[in-house]
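The values are calculated or read from the model by the stated rules, or taken from the named source; none is laboratory data. Note that the structure is predicted; figures quoted are calculated from it, not measured. A quick note on method: Cβ atoms are made from the backbone with ideal geometry, for glycine too, and the neighbour counts reach across all protein chains shown.
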Amino acid sequence: MRGGCRRRQIADSPVGLAAWMIDHDIRSYEMIARVFDGKAEGLTRDDILDNITFYWLTNTAVSSARLYWKNKLAFFAVKNVTIPVAVSVFPDEIYAAPRSWTERAYPKLIHYNKLDKGGHFAAWEQPKGFASELRAAFRSLRSA
């Protein structure tokens, strides 16, 4: 489906927005389906509906998704970033950056870790694990 069609789907209907947000990839869909079946894994049904409502009421879903549509191919290209970088790899993310690629892309890599839980919305799904990753990443900067 082309970007323009998606924009109409997301902006014209709260059901279309919910479908787009829930159906990013099969792992996200399965995780959210388990929540709605009463088998919560860090998120509740209300958490998911609150997030959808937030994007719907503020009409910000299209602008937040623009990043994906505009950078389809360039996203995975090495950027030669020269500032310190920390990378946390969550197993249910759309792309799990291998350490070898990460080290090439970010010469000043200060933290790399693969986690057991979490996905595309890791800060929302696993807030304690995400906070722990932030602390670990900045710890090395504080001691330098």
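Things worth noting here:
- Among the residues of the stretch 1-28, those that are under 22 Å from Ala96 (Cα atoms), surrounded by 13 or more Cβ atoms within 10 Å (Cβ to Cβ) and modelled with pLDDT under 70 comprise His24, Asp25, Arg27, Ser28.
- Helices (runs of 4 or more DSSP H) contained entirely in the stretch 46-144, each with at least 2 residues that are under 17 Å from Ile22 (Cα atoms) and at pLDDT below 85: 61-70, 122-125
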